[in-house]
Amino acid sequence: MKISKRDALAWFEFFAMLPEGEELMPWQQEIVYATFAQIETAIDARNARLMAEIPGLKTLENRTYYVGSDDRFPRGCRSCLLGTGLSAIRKTNKCNIECKFCYNYGELDCQPPIGEGMWEIGGTKFREEDVDLLLTMGNRPTGVSYVYLEPFMEIGKYEGIIRRFHAAGVHQHLYTNGLLADEDSLRMLGEAGLDELRFNLGASNCADRVIENIRIAKRVIPRVGIETPMTPEFFERFFRKKEQILSTGLDFINCAELHLNPNNIGNYEGEEMYICRHGYISPIWSRELTLKLMRIAAEEGWDVAVHDCSNRTKFARDLNLRAKEGGWFGASSYGCEFPATPYEAFLPILRDEEFLFLEEEPLPEGYRPGQWGY
């Protein structure tokens, strides 16, 4: 069904007015899916044109795209996309700042604690000494990552567990906004065996202090880079400080396509959205900014790897993880993070007169406004 933009808008305006919790009829759900397909197809075509302008664009076994040095492409991403996935290790349930793109926006003060002396790995609680037992099992990961929320709130607690995974030969990376880091804590991480440190530079609006911490980290940790949701604010600020940032010697820039959930979507009200494979909902400008940054990096020959960590990449990640776990063909945990479709979020793009569907056709009988069923 190649629904027209006019019909899609009429139906979505109707769906957005329905009482919360009211379910659609199957034929109405077909209209929703047809609209999603039309929007996504048009966005894919726009992104394809941008990708065609990127010189030297590379692919990692068709699972993601990047430009720049192969050697500098982050090993944590290789583990995520080609290895046995990326096991998240959780410890710290607090953060020192609040970002409007944070998935826990508005809920930072009520995140459940992991527990004194405990670590959460694979949904299970462990004490540090239990890691030695865990590593005797047959499902050892190729990599682990330290997340949730800001590890530097209590970074001293991380040294022992990092040493244990390092001794076992497991690749480790850690995420931080970088504001609380200093030379002593960064050196401790490097000496403990952390392989890779990723700075969310957008969280601090490219603060000079964090840029300097990237420079320090590069001296004491093997691989250091940026991983930030791509937003207009970060894009503008990054290029204002481009020379300063690149002079740190960082290895990679992971450009994460911003996807939204019920916590943070209100911060982007009025932005034009699309949904990728019925899963992540994102502003259309996020990946466009990534592809524009990649083109500039390739044309100027930056000595870094710039990675298109898009919704498509996340889709590939989950397929790889389930396959490595022995899941059935096509199994994946990728999906929409909203309990119900936020129809109102798609009204801005459907109302944009300059945004066009690639191909349209009249709705068949039974699907037109005012008609109820076949």
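The values are calculated or read from the model by the stated rules, or taken from the named source; none is laboratory data. Source: prediction; values computed, not measured. Ideal geometry is used to build each Cβ from the backbone, glycine not excepted, and the neighbour counts take in all protein chains shown. Each accessible area value is taken on the protein alone, full model and side chains, heavy atoms only, with ligands, DNA and RNA left out. Shrake-Rupley method; radii C 1.70, N 1.55, O 1.52, S 1.80 Å.
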Packing-based ranking, highest mean first, of 144-154, 293-303 given that Cβ atoms within 10 Å are counted: 144-154, 293-303
How would you order 263-269, 214-220 from highest to lowest mean count of nearby Cβ atoms within 10 Å? 214-220, 263-269
May I ask which of 125/324; 241/324; 100/157 have a Cα-Cα span longer than 32 Å here? 241/324
Ranking 263, 203, 249 by how far each Cα lies towards the positive end of the charge dipole of segment 162-303 (+1 on Lys and Arg Cβ, -1 on Asp and Glu Cβ), the top one is 249
Positive-pole candidate from 282, 363, 17, dipole of the chain, charges at beta carbon: 282
Under 18 Å from a point placed 7 Å out from the Cα of residue 354 along the Cα-to-Cβ direction: which residues of segment 243-278 have their backbone N that close? 270-274
Heavy-atom accessible area of segment 102-233 with neighbours in place, 1.4 angstrom probe: carbon+sulfur share in percent works out to 49
What Rg and what Dmax come out for the chain when only alpha-carbon atoms are used, in angstroms? 22.1, 70
Relative to the longest principal axis of the chain, what angle (0 to 90°, nearest 10) does the C-alpha long axis of helix 311-324 take? 70
Put +1 on the Cβ of each Lys and Arg and -1 on the Cβ of each Asp and Glu in the chain; which of 80, 33, 110 then has its Cα farthest toward the positive end of the dipole? 80
Cα centre as origin, Lys/Arg/Asp/Glu Cβ charges: segment 67-226 dipole, Debye: 440
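Place a +1 charge on the Cβ of each Lys and Arg in the chain and a -1 charge on the Cβ of each Asp and Glu, then give the dipole magnitude about the Cα centre in debye, rounded to the nearest 20.
It works out to roughly 1140 debye.
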Let me check against my output: what whole-number percent is the relative contact order of the chain, with C-alpha pairs under 8 Å and at least 6 apart? 25
Per residue, how much accessible area does the chain show when a 1.4 Å probe rolls over the protein heavy atoms, in square angstrom? 46
